[in-house]
Amino acid sequence: MTTARYWREVPQRFRLEAAKCSKCGKVFFPPRLICDACKHREFEQVNLSDEGEILSYTIIHTPPSNFSDEAPYAMAVVRLGGDANVLTQVVDCDFDDLKVGGKVRVEFRRIQEDGKSGVLQYGYKCVLAD
Amino acid sequence: MRDVAVIGVGINKWGELWEHSLRNIFVDAALKAIDDAGVDHVDSMYVGCMTSGLFVGQEHLSSLFTDYMGLNPIPATRVESACASGGVAFRSAIMEVASGMSDVVLAGGVEKMNDLDGGGVTFALATASDQEYEAYNGITFPGLYALMARAHMEKYGTTREQLAHVAVKNHANGVLNPDAQFPMKITVDTVLNSVEVADPLRLMDCSPVTDGAAALIVCPLDMASKFSKATPVRVAASTMGTDTIALHSRSDLTFLNSTATAAEKAYAMAGVGPRDIDVTEVHDCFTIAEICVTEALGYFEKGQGGAAAEAGATARDGEFPVNPSGGLKSKGHPVGATGVAQVVEIVKQLRGDAGERQIKGVKRGLTQNMGGTGGSSVVHILEAV
């Protein structure tokens, strides 16, 4: 991954920066240029909550090549603070403790790396909160 | 708009075609369609292909395929909508004929997937998801459909066994299809005991990695007898719907809005309802997909697709026969070819040419082809003339 491509997404991956439509209030992660609900084009910057709830989850046993060292690992659709959903890994947990409706907390973690000497890529993962 | 008919179909035996190249796989199926129609020329061509660039490093398929078909200098267009690329190619050909721009148009689809290793294939397919916000975090396509499956199970009580019944039924159909990649009977236990891929989905919930192609010839309905001796099949509806690229952005992870929208429009265009459809080919890339699709098409109430599959409602002798070809699960899923091959099957069924898997008395068929997790869906309704 090129440095420019990685740095472009840093506000979202490091700080969960989202955009709230200044007309209808819908929150978008990542930010976008036009609201899909009311078609308004002005937004205020907000940060997603770092606490959320699992809406669905899976255990990946057959990973993509760049995650081959990590399988099996859990991934979940998580609703953060009732505002917006993210798809993220759920780590440091016993898979049996995962459940729909389970509470999670976001942590800043390493996501992947480019080869043996490549750039380390960071972002958000979740841990169980209860 | 002019009424459009399909007058030729072509498909080859799908599978791991080590001895055949991308170009030869496509040209073989396309020539079969031309021979089947008996046309002496083609005015224009559309090719559905998801990512030949990643699979074999080849783009610019318009030139490659017209060249190797001996069709230069006709116009050709490659279209891409992930796994719905084939359906979009067919739709594009229909629109070109309906508009009056061309009379005889070839719509083909192809994918050569087995030249990459497993990790490479998983990566290539994951490009149909949101690269920065889904794939970046480590998800796979089986993983995304597993998230849909878990949500469906939680919300509606759909069971692991009900998912397995979709695979069992489609493999039973595929046994009767000489072009299928995996024409073998399986049981619910085969599915439940297969390798875990993305919990709750196992290997036998997933469609395979396939090399293959399929092709169609379309022309104006009122010119069909001029160009061809083949029995024409009328295109009664051609529609498409879209939805968010990221699965997690949807308010309901279990419902395929793009399919529901395309289906609603298709029923209106054809002047029919779900109960008027005699035979259906849907995009069962994973067992849960067929369940969600049959609900979005209005065949079953939301949440009832699993129970319906278990009860046999989608079997060849059921109320809504779904995937008599074996579906993606047994026939194979060369992603760009799938949407075209679905139409090949429905045309064969409507002509009465489907051999051992022929469903009796069918007059109207529907195809549903889907990209990604349903970010795009194409629906066609075809009728015997």
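The values are calculated or read from the model by the stated rules, or taken from the named source; none is laboratory data. No experiment lies behind these values; they were computed from the predicted model shown. All Cβ positions, glycine included, derive from the backbone under ideal geometry; neighbour counts span all protein chains shown.
Per-residue answers, yes or no, for (1) within 26 Å of residue B:205 (Cα to Cα); (2) in contact with a Lys or Arg (Cβ under 8 Å, 6 or more places away or on another chain):
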residue: B:260; (1), (2): yes, no
residue: B:264; (1), (2): no, no
residue: B:275; (1), (2): no, no
residue: B:280; (1), (2): yes, no
residue: B:284; (1), (2): yes, yes
residue: B:289; (1), (2): yes, no
residue: B:293; (1), (2): yes, no
residue: B:298; (1), (2): yes, no
residue: B:306; (1), (2): yes, no
Quiz item: How many of the residues making up the stretch B:314-326 are of a type outside the set (A, V, I, L, M), crowded, with 18+ Cβ neighbours inside 10 Å and under 21 Å from residue B:267 (Cα atoms)?
Solution: 4
Self-check item: Considering residues of the stretch A:1-19 that are among the polar types (S, T, N, Q) and part of a helix (DSSP H, G or I) only, the residue farthest from the chain's Cα centre (by Cα)
Solution: A:3
Quiz item: What's the number of the condition residue A:74 fails, among (1) of a type outside the set (Asp, Glu); (2) facing chain B (nearest Cβ under 8 Å); (3) surrounded by 20 or more Cβ atoms within 10 Å (Cβ to Cβ); (4) over 12 Å from the mean Cα position of the chain (by Cα)?
Solution: (2)
Practice problem: Answer with yes or no whether residue A:101 is surrounded by fewer than 18 Cβ atoms within 10 Å (Cβ to Cβ), within 11 Å of chain B (Cβ to nearest Cβ) and at positive phi. | Solution: yes
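Select from the stretch B:83-111 the residues that are assigned to a loop (DSSP other than H, G, I, E, B) and of a type in the set (Gly, Ala, Ser) and write down the one among them that is nearest to the chain's Cα centre (by Cα).
Step by step, filter the stretch B:83-111, then rank; the result is B:84.
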Self-check item: All positions within the stretch B:245-266 that are of a type in the set (Ser, Thr, Tyr), free of Cβ contacts under 8 Å to residues at least 60 places away in the same chain and part of a helix (DSSP H, G or I)
Solution: B:249
Quiz prompt | Hits in the stretch B:255-276 - residues which are surrounded by 24 or more Cβ atoms within 10 Å (Cβ to Cβ) and hydrophobic (A, V, I, L, M, F, W, C) | solution = B:256, B:262, B:263, B:266
Quiz item: Which one of these does residue B:211 not meet: (1) surrounded by 21 or more Cβ atoms within 10 Å (Cβ to Cβ); (2) within 13 Å of another protein chain (Cβ to nearest Cβ); (3) among the acidic types (Asp, Glu)?
Solution: (2)
Practice problem: Could you tell me which of the residues A:25, A:81 is at positive phi, modelled with pLDDT under 95 and more than 14 Å from chain B (Cβ to nearest Cβ)? | Solution: A:81
Quiz item: From the list B:337, B:296, B:311, which residue is surrounded by fewer than 24 Cβ atoms within 10 Å (Cβ to Cβ) and either out of contact with any Phe, Trp or Tyr (no Cβ under 9 Å at 6 or more places or on another chain) or modelled with pLDDT of 95 or more (or both)?
Solution: B:311
Quiz item: Could you give every pair whose Cβ atoms fall below 6 Å, whose first residue belongs to the stretch B:104-116 and is closer than 17 Å to residue B:28 by Cβ, and whose second residue is part of a strand (DSSP E or B) and among the hydroxyl-bearing types (Ser, Thr, Tyr), counting only separations of at least 6 or pairs across chains?
Solution: B:107/B:46
Quiz item: Scanning the stretch A:34-71 for residues that are acidic (Asp, Glu) and within 12 Å of chain B (Cβ to nearest Cβ), which turns out surrounded by the fewest Cβ atoms within 10 Å (Cβ to Cβ)?
Solution: A:69
Quiz item: Are there any helices (runs of 4 or more DSSP H) wholly within the stretch B:112-200 with 3 or more residues that are more than 14 Å from chain A (Cβ to nearest Cβ) and either touching a strand residue (DSSP E or B) at 6+ places or on another chain (Cβ under 6 Å) or surrounded by fewer than 20 Cβ atoms within 10 Å (Cβ to Cβ) (or both), and if so which?
Solution: B:188-192
